[in-house]
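All remarks here apply to the structure that follows.
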Amino acid sequence: MAFLLVTALVLTAIAAYVDHRTGHIPNVLTVGGFVVALLAHVVLALAAGGLRAVPAALGTSLGGALLAAIVPLVLFRANALGGGDVKLFVALGALLGPLVGLRVELLSFACSALLIPIKLAWEGELLGALGRSALLCANLVLPASRKFAIDRKKLTWVRLGPAIFAGTAWAVASGLL
């Protein structure tokens, strides 16, 4: 498991750096991380239990990927999360398995809930973003005729890569795995 944790930390650290600098998490990291996850689970299963352990290891890896994809995919469909973030969560789920992958995902979203308001306040955009968020929430329950018009260009888009790294590091450092 230590190899998988170190791999997750390195993967998310690189993704955080690249996302912070460019606003994108490249496929070479996300798809590469997914492939490394599958291969690592196969190799670790072969070393620990032989050929019979491989299907269970692959099931754990693929199950982690599928479970880790659910919430990010819903957010992606709502245009609230980027595709690179989704793929990074899938790679982390494949690497860490269902339970640990979901813990890391939860901690990553918790970190984003802490880091994003700080970033917005630093840039002087916090109050505007909170107001637009309130309007978006109100629109969820209002009938179509009473919905507020919201300029999509003014919606705040943040890079989640650093929060995903912070959540992964938090999980590893706190021993929640």
Cα-centre dipole for region 122-177 with unit charges at Cβ (Lys and Arg positive, Asp and Glu negative), debye to 20: 300
Ranking of Ser108, Ser145, Ser174, Ser133 by count of other Cβ atoms within 10 Å, fewest first: Ser145, Ser174, Ser133, Ser108
Extension gain, Leu114 back to Ser133 (0.36 nm per residue minus Cα-Cα distance, nm): 5.2 nm
Charge-dipole axis of region 2-174 as Lys and Arg at +1 and Asp and Glu at -1 on Cβ define it, positive-most pick from Leu160, Gly128, Leu115: Gly128
Where chymotrypsin sites (Phe, Trp or Tyr not before Pro) in DSSP loops with at most 15 other Cβ within 10 Å are excluded, longest remaining stretch of the chain: 1-147
Under 13 Å from the Cα of Lys154 - aspartates and glutamates, other chains or at least 8 residues apart: Glu125
The chain: relative contact order in percent, alpha carbon pairs under 8 Å with at least 6 residues between: 30
The chain pair-distance distribution - Cα-Cα, 5 Å bins, rounded %: 1, 9, 15, 19, 17, 13, 10, 7, 4, 3, 2, 1, 0
Overall dimensions of region 94-177 by Cα: Rg and Dmax, Å: 16.6, 50
Per-q log10 I(q)/I(0), region 26-105, q = 0.18, 0.20, 0.24 Å⁻¹ (Debye; single scatterer per alpha-carbon; no solvent): -0.66, -0.78, -1.01
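Taken together, the values in this text are just the output of simple stated rules run on the coordinates, not laboratory data. No experiment lies behind these values; they were computed from the predicted model shown. With ideal geometry, Cβ positions are generated from the backbone for all residues, glycine too; neighbour counts draw on all protein chains shown.
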